[in-house]
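Step one of this worksheet: look at the structure below.
Nothing in this text is a laboratory measurement; each read-out follows from the coordinates by a stated rule. All values derive from a computational prediction rather than experimental measurement. Note that we place each Cβ from the backbone using ideal geometry, even for glycine, and neighbour counts take in every protein chain shown.
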Amino acid sequence: MLDNLNQLRDDALSALSPIWDEQQLEEWRIKYLGRKGALAAQMEQLGAIPKEQRAAAGKLANEVKNALETAYEAKVGAIKQRALSESLEAEPLDVTLPGRPVAHGRLHPVTTTMRELYRIWGDMGFQVFRTREIETDEMNFQLLNIPPFHPARDNWSTFYIADTEERVLLRTHTSPGQIRAMRAMHPNPIRVILPGMCYRYEQITARSEIQFPQIEGLAVGHNITFADLLGTMTEFARRMFGENAKVRFRADHFPFTEPSMELDVECFLCKGAGCGVCKYTGWLEILGSGMVHPDVLRNGGYDPAEWSGFAFGMGPQRIAMLKHDIKDIRYFWGNDLRFLEQF
Ligand SMILES: [Zn+2]
């Protein structure tokens, strides 16, 4: 029995050494280590041999089993290693090949536009003042001259998120930031821009989204007049759209400014001749603005007998759409790389 086991080990190891093929290795494993293999057959006979020899035979059988398993594992590794070396030799590395291009991240077109706006307004002395996106009905509407049931509310379809007494909502515009800025900075003069996301409960179409960024601006001081508003808006348009940008003002209405106006800039795509983007008017609507309503000044803590100011609001997304001729507002939040990689 002991001789048989030693013989089995020697035969198995010498049969293993010339094998360099996975198929043959598997056949070897079945032949010697398999459930019906040579070693298993020897082990079955252990019960039949005399008791006094059984312990020594069992010990040797285990040693043979371990030796064969160890040799088998080593062979598996050796075959893999040899296959790798062969493939490296057969397919030499060409170290002169250019590397694969690395995909660079880029800034979102709205981010780029926002940063450009921050820079322009910063140069003109306006600091960024951030306020919350979750507001109360009072802040978002009432303190801005839009009481409950006022028809102007139809312009701001609203996401109410808690129907408590305060009526908590997602701000529909950055204008509540005017009240917050005034209350934070009273009794000092103010020159701030209020950037951030706004939300409206609307149908999503090519021209309207439920979420969009806005940049509001507010200046409050002594003796600020309508001429200051006109001059500041004209200067902004020149810095944003070029030294020779032509602007025009149209009367408009917002509940929180009086008087109110829209600023149009001459279409920078067709230079006023008329094109699809400006709907053949030659003009593009850029922002809304006006003199801060006395009630709003008062709600912010400023006495309208001593203080005056102007406010304006613009949509960076709309400006980006005009600049890059983007026809559908839904691209901005679509996360489509084919769109984003163009910027
Ligand atoms: Zn045009």
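Couplings for the stretch 81-90, taken from phi via the Karplus curve 6.51 cos²θ - 1.76 cosθ + 1.60 with θ = phi - 60°, read 4, 5, 4, 5, 4, 5, 5, 5, 6, 6 Hz in order; Gly and Pro are left as x. As a proxy for reagent exposure, ranking Asp295, Asp21 by other Cβ atoms within 10 Å from fewest up yields Asp21, Asp295. Max-minus-min Cα coordinates of the stretch 221-261 on each principal axis give 31, 24, 12 Å, with the largest extent listed first. Taken about its Cα centre, the chain carries a charge dipole of about 120 debye when Lys and Arg each add +1 at the Cβ and Asp and Glu each add -1 at the Cβ. Only Cα sites of the stretch 1-151 enter the Debye sum here, all with the same form factor; the resulting log10 I(q)/I(0) across q = 0.08, 0.09, 0.18 1/Å is -0.55, -0.58, -1.09, listed in q order. If R0 equals 45 Å, the separation of the Cβ atoms of Thr111 and Ala305 corresponds to a calculated FRET efficiency of about 0.60. Distances between every pair of Cα atoms in the stretch 124-203, grouped in 10 Å steps from 0 to the bin holding the largest one, split as 18, 48, 26, 7, 0 percent. Here the stretch 2-90 has an Rg and Dmax of 15.7, 58 Å, counting Cα atoms alone.
A convex hull fitted to the Cα coordinates of the chain yields 308 cubic angstrom per residue.
Measuring how big the stretch 123-164 is from its alpha-carbon positions, Rg and Dmax come out at 13.6, 42 Å. By the count of other C-beta atoms within 10 Å, a proxy for reagent exposure, Thr112, Thr257, Thr232 are ordered fewest to most as Thr112, Thr232, Thr257.
Between helix 226-241 and the chain, what is the angle of the helix's C-alpha long axis to the longest principal axis, kept within 0 to 90° and rounded to the nearest 10? Between helix and principal axis, roughly 40 degrees.
Computed over the Cα atoms of the stretch 232-311, pair by distinct pair, the Kirkwood hydrodynamic radius stands at 13.9 angstrom. Going from the residue with the fewest nearby Cβ atoms within 10 Å to the one with the most, Cys198, Cys270 rank Cys270, Cys198.
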